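Novice: Structure below; questions to follow.
Readers should treat all values here as calculations from the given coordinates under stated rules, not as data from a laboratory. It should be emphasised that the depicted structure is a prediction, and the values quoted were computed from it without experimental measurement. For neighbour counting, all protein chains shown are included, and Cβ atoms are generated from backbone atoms with ideal geometry for every residue, glycine included.
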Amino acid sequence: MHRNIIKRNYRGRFAPSPTGGLHLGSLVSALASFLDAKVNQGEWLVRMEDIDPPREQEGAAQQILHSLDEHCLQSEFPVIWQSEQGEYYQRAIEQLWQQGDLYRCACSSKQIKQYRSQNEHCLCRDKKNDSFEQLNAQGYSLRIKVEAEKVVGFKDCQYGLIEQNIYQEAGDFIIRRRDGLFAYQLAVVVDDALQGITNVVRGVDLLDVTPRQIYLQQKLGFSTPVYRHVPLVCDEQGNKLSKQNFSPILNSAEALQNLQRACDHLKIAITKTQKIESLLNQAIAGWGKI
Ligand SMILES: [Zn+2]
C-alpha cells in the first residue's frame, strides 16, 4: 500500500500584543512564521498576548485579527487569549514554588540594580521559604532564583549558536509583577507548551530573552521549541518599526502590496501578481529556498 502520509509534527504561531494595530514589522513576523509552518506542512495558529492591560489599546486586538484575515493569514485554531489563561500561569507558579525556585521580593528596580552592580542579590532571596499564601500576598513581585553562572545556549536557525549567562544578563528575573500581572516570559513559555508549539519564528528583538524562556522551560519540564529569529523592519533612521514609535498601521485595502513589502524584507522574490493566494504560494516556495 503506497500512500503519502504526512506526519504533522510542526506547529507554529504568531503571538501579537494588542498595543496597536498591525504594522509592517508585525506583518513580517506573522508572514515568516506562517511560511515556515507551510513549508514544513505544519499547523499555524494565532495567540493574543493581552496580559499587560496598561500598555494595550482598546480595539487593537480585533483590529489585528481582522487585518490578518484581510492578508489571508488565518489561524487554524481558535485564538487563545492570554488574559483568560491566568489559572495555567498560576499553576506554573505553584510548581516553581514547590520546587523552591521562587521568592517574593519587595525591592524596587533601583535597589535591584544596585545589588546587581555589586554582584549580589537582594536579601529577599535568602529569607526562609514562604507559604503559598505568603507568596501570593499583594505588593510583592515574584522572582525566579537563577543559578549562578548558569549559561543557557541554543541554536537559532538564522543566527546560529546563542549563549547567555542569564545570571549576569538578567539576574533573578520577574515571573509575576508587583501589580499582580503575570510576566511575559512566564506566559509565553506556558502557552507555547500548552499549545504544543514546536517552532517559534519571530523578530530578532526577542533573541535576547530566549535563553530566559528556555531556562523556564527547563525548570517547568517543558520541551524547547526550535527557534528562528528574523531581522526587524527599521525606519530610515534605523529604529525598529513598532507601535511605540507610531509606525503606520497597515491599510487592508493594500493587503497585496503590504505582503509584497513583507516578502521584500524577507528577501523572497515574487513574480508580479494580482492575487494574494498566488503571492502566498510563491512566498511559501521562496521561503523553502532561504
Ligand atoms: Zn528583594
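Novice: Arranged by the count of other C-beta atoms within 10 angstrom, fewest first, what order do Cys234, Cys122 take? Write down the numbers at each step before the final one.
Specialist: Numbers: Cys234 12, Cys122 19.
In order of increasing Cβ crowding within 10 Å: Cys234, Cys122.
Novice: Sticking with this structure for a sec: Give me Ser108, Ser117 ranked fewest to most by other Cβ atoms within 10 Å of their Cβ, as a rough exposure proxy. Spell out each step's value before the answer.
Specialist: On the way: Ser108 11, Ser117 8.
Least to most surrounded, the residues fall as Ser117, Ser108.
Novice: Roughly speaking, what is the centre-to-centre gap between segment 243-290 and segment 43-107 when only Cα atoms are used, to the nearest Å?
Specialist: 26
Novice: Now for a separate question. Please order Asp192, Asp235, Asp130 by the number of other Cβ within 10 Å, starting at the fewest. Don't skip to the answer; put the middle values down first.
Specialist: On the way: Asp192 23, Asp235 13, Asp130 17.
Lowest to highest Cβ neighbour count: Asp235, Asp130, Asp192.
Novice: Let me ask you something else. Between the DSSP loop rule and a limit of at most 10 other Cβ atoms within 10 Å, which trypsin sites (Lys or Arg not before Pro) in segment 191-290 are left?
Specialist: Values: sites: Arg202, Arg212, Lys219, Arg228, Lys240, Lys243, Arg261, Lys267, Lys272, Lys275, Lys289; in loops: Lys243, Lys267, Lys272, Lys275, Lys289.
Sparse-neighbourhood loop trypsin sites (Lys or Arg not before Pro): Lys267, Lys272, Lys275, Lys289.
Novice: Which one, Pro18, Gln95, Pro225, is farthest towards the positive end of the dipole of the chain when Lys and Arg carry +1 and Asp and Glu -1 on their Cβ?
Specialist: Among Pro18, Gln95, Pro225, the one farthest towards the positive end of the dipole of the chain is Pro225.
Novice: Helix 184-194 sits at what angle to the longest principal axis of the chain, using alpha carbons and giving 0 to 90 degrees rounded to 10?
Specialist: Value to nearest ten degrees: 60.
Novice: If packing is taken as the mean number of other Cβ atoms within 10 Å per residue, what is the order of 33-40, 136-143, highest first?
Specialist: Numbers: 33-40: 22.5, 136-143: 16.5.
By packing density, highest mean first, the sequence is 33-40, 136-143.
Novice: If the convex hull of the alpha-carbon atoms of segment 86-186 is projected onto planes in all directions, what is the mean projected area in square nanometres?
Specialist: Values: hull surface 29.7 nm².
In nm², the orientation-averaged hull projection of segment 86-186 is 7.4.
Novice: Mind pulling the angle between the C-alpha long axis of helix 255-265 and the longest principal axis of the chain? Nearest 10 degrees, somewhere in 0 to 90.
Specialist: Helix 255-265 and the main axis of the chain meet at about 70 degrees.
Novice: Per q in 0.07, 0.11, 0.13 Å⁻¹, report the Debye log10 I(q)/I(0) for the chain, using one uniform scatterer on each alpha carbon and no solvent.
Specialist: Log10 I(q)/I(0), no solvent term: -0.30, -0.71, -0.96.
Novice: Give me the base-10 log of I(q)/I(0) for segment 1-148 at each q in 0.11, 0.15 Å⁻¹, Debye formula, one uniform scatterer per Cα, rounded to two decimals.
Specialist: -0.67, -0.93
Novice: Here is the link list: Lys38/Lys240; Lys38/Lys267; Lys127/Lys150; Lys219/Lys240. Which ones come out longer than 25 Å on Cα distance?
Specialist: Long pairs (Cα-Cα over 25 Å): Lys38/Lys240; Lys219/Lys240.
Novice: Can I ask one more? Treating the beta-carbon of each Lys and Arg as +1 and of each Asp and Glu as -1, no other charges, what is the dipole magnitude of the chain about its Cα centre, to the nearest 20 debye?
Specialist: Numbers: 34 positive and 34 negative charges, 123 e Å.
Result for the chain is approximately 600 debye, rounded to the nearest 20.
Novice: Could you give the size of the charge dipole of segment 86-186 about its Cα centre, using +1 on the Cβ of each K and R and -1 on the Cβ of each D and E, expressed in debye and rounded to the nearest 20? Before the final figure, lay out each step's value.
Specialist: Details: 15 positive and 14 negative charges, 66 e Å.
About 320 debye.
Novice: How would you order 52-61, 69-78 from highest to lowest mean count of nearby Cβ atoms within 10 Å?
Specialist: Numbers: 52-61: 13.9, 69-78: 15.4.
Going by the mean number of other Cβ atoms within 10 Å, highest first, we get 69-78, 52-61.
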